[in-house]
């Protein structure tokens, strides 16, 4: 049992922090501009593909630097030459724009790299067990993922709370006009924040690509969960996004590890059914089987009982 | 009349719209170097919109020349960089930042020293020094007003436009704000003031404009306005306002 707890917690932490890297960018963009960027996970996918291409020539490490930069620049350009114009037509137009952009990027990825899964590998230098507990190895690469995610969170937090540009961003979230009238270029700041947000998604793509496989559907896999996190954490709340990311990461990894079925629960109350019972499929449904549904179940519960999310201030 | 050489701000035939509503219908006025000019008028005549249009917050149609340069159509931060400061009526302090951080954001650049430092502001309003590390959202209305004015001054404007600085303030604070306005002009900064308390506006202004129905209906000195019973009764609620402390 201790073994399950330790490894599920570590795996949950890896997934949760990875999700946070995506969710933090999304929530930053939403806080500043009120834009729910449906294409956010597509930038994550682009991060993985760019890094894969760079790794073919230069190896993994240059990709870790170059790919997020490329994704960030691309994100900034999308804001500058796309969203900024669409913004004038209201939030519905923005939603449709980002929705279309997500499809466009997916098609672009298939066109450029093909439909098959890419052989994007973690670096050899990290291909060893970080430690072995109860006969199970914990890969060094997962330790690296935790390290990068925490480093980025600390870095982002320091920038937002300690630097002048961070203070300007905080102020521009609630009072863009007042910030402009003090002489700060708010549209440029928004473009920068959008670029940083998408670059963070790019970093997540670079480090998740080798583990979660690099294929054209990878944006779709994580995209919907990231939205669940932003809603559960509370729209616009960075701390809420962190809590929700870890919650969902842990929830999923524990659900996968615990081999409980409905049968086991019913057995506690001395209820049992024959194997040929017509609802047998339901009684034998196990936690690992329903693990992918759990985040959405949590979403529904949050929407019913706490529509503002865990730490959000506005109705979702 | 302000000599053309001394004109800090010259607004000519300014129009502004909210949707289909034609709010400013040809506003023209001048603010000279180092002058305090008040825009007077009843609520809803377009005084705040005039300032917002000058600042670029509301799209302006017409001519706005500041320090000899046309600024109509320029973006807000570009206008601020040219030396125009704006203190909005609703104060707009940054609630998640401390008093000190609010003031720091007033500086346009860390490389540009202005006429005012944060310490100057703390000298004038010691309350702010005591609350330097308190969040903006925790300040009283009066403290928020002081903070917004100080924040704008730290940006070193040549002309500061202030919308209703004494609204909702206790009499002691009203007096302090009056002293600050005097101090601002002593340091060579021009002021365009919107003020509901007529007594203050008339006491500190060199010239006044009265607005009505989206345009200027009167221009003169405070003394001339006090003697013009017809303008006061038609365009201003003088009886109660003039007796304000």
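Since every read-out is calculated from the coordinates, none of them should be taken as a lab result. Source: prediction; values computed, not measured. All Cβ positions, even for glycine, are placed from backbone atoms using ideal geometry, and neighbour counts span all protein chains on display.
Against the main long axis of the alpha-carbon atoms of chain A, helix A:91-113 sits at an angle near 70°.
Relative to the longest principal axis of the Cα atoms of chain A, helix A:164-174 runs at roughly 80 degrees.
With contacts taken as Cα pairs under 8 Å at a separation of at least 6 residues, chain B carries a relative contact order of 26 percent. Structural size metrics of the protein assembly as shown, computed from C-alpha coordinates, are Rg and Dmax of 30.0, 102 Å. Taking the fewest neighbouring Cβ atoms within 10 Å as the starting point, the ordered list for A:142, B:52, B:172, B:203 is B:172, B:203, A:142, B:52.
Compared with the dominant Cα axis of chain A, that is its longest principal axis, helix A:60-78 is turned about 60°.
In percent, rounded to a whole number, the relative contact order of chain A is 32, using alpha-carbon pairs under 8 Å and six or more apart. When both segment A:51-122 and segment B:122-191 are represented by their alpha-carbon centers, they are found 47 Å apart. With neighbour counts taken as other beta-carbon atoms within 10 Å, the residues A:161, A:15 rank, fewest first, as A:161, A:15.
Each residue in A:87, B:22 was given a count of other beta-carbon atoms within 10 angstrom of its own, and listing them fewest first yields B:22, A:87. In plain terms, the C-alpha convex hull of segment B:4-241 casts an average shadow of 12.8 nm² when viewed from every direction.
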